[in-house]
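Before any comments, here is the structure.
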Amino acid sequence: MNTVLYVEDDENNVFMLTHRLRRHGIHVQHVEDGERALVAAAWEPPAAVLLDINLPGIDGLAVLHRLRSDAATRTLPVIVVSASVREQDRARAMGAGADAFVPKPIDFPHLLEVLSRWVTVETSSGGQA
């Protein structure tokens, strides 16, 4: 399975990242809030979750806590993506059970490197990363 669940409420971020990930053979399932993320992750578990912290409704850290508390989603790889670059925010995300933390704006080659732990990243996309 080469599907990533992308939990993000900013349409511009969704458009840009989804397009770029698809060019590398990664299918993106998108939801815009924490409630939908929990349902999607349990219904059809992805290979990994890209999780923004600032979400409407349930915030990303609460989503992460609930994913880790549920036996069905406990082992899903979760990469927190955040506009915050403060070390305390990174530490909170990692302490809550994130498998990785990627700051925004996203360094796309770095994100591909992180994702390659859980999904197959096609490198012969014919385009730039």
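The values are calculated or read from the model by the stated rules, or taken from the named source; none is laboratory data. Everything numeric in this text was worked out from a predicted model, so none of it was measured. So basically every Cβ, Gly included, is an ideal-geometry build from the backbone, and we count neighbours across all protein chains shown. What goes into the accessible areas is simple: the full protein's heavy atoms, side chains included, and nothing from ligands, DNA or RNA. Shrake-Rupley method; radii C 1.70, N 1.55, O 1.52, S 1.80 Å.
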Practice task
Just the number, please: carbon plus sulfur as a percent of the accessible area of segment 10-129, 1.4 Å probe, no ligands or DNA/RNA counted.
Solution key: 51
Practice task
For an R0 of 25 angstrom, estimate the FRET efficiency from the Cβ-Cβ distance between Ala83 and Ala42 and round to the nearest 0.05.
Solution key: 0.40
Handout entry: Charge tally in the Cβ shell below 10 Å around Gly57, where Lys, Arg are +1 and Asp, Glu are -1, Gly57 excluded
Key = -4
Completion exercise
Sparse-neighbourhood loop hits (trypsin sites (Lys or Arg not before Pro), segment 1-69; DSSP loop; Cβ within 10 Å at most 15 others) -> Arg23
Exercise for the section: Once you've got the GNM for the chain with C-alpha springs shorter than 10 Å, pick whichever of Ala98, Ala40, Ala48 has the biggest mean-square fluctuation. Expected result: Ala40
Exercise for the section: Scan [x] 43; [y] 54; [z] 63 for the value of percent of Cα pairs over 19 Å apart calculated from this model and give just the label. Expected result: [x]
Problem - 1.4 Å probe accessible area per residue over the chain, in Å² - result: 52
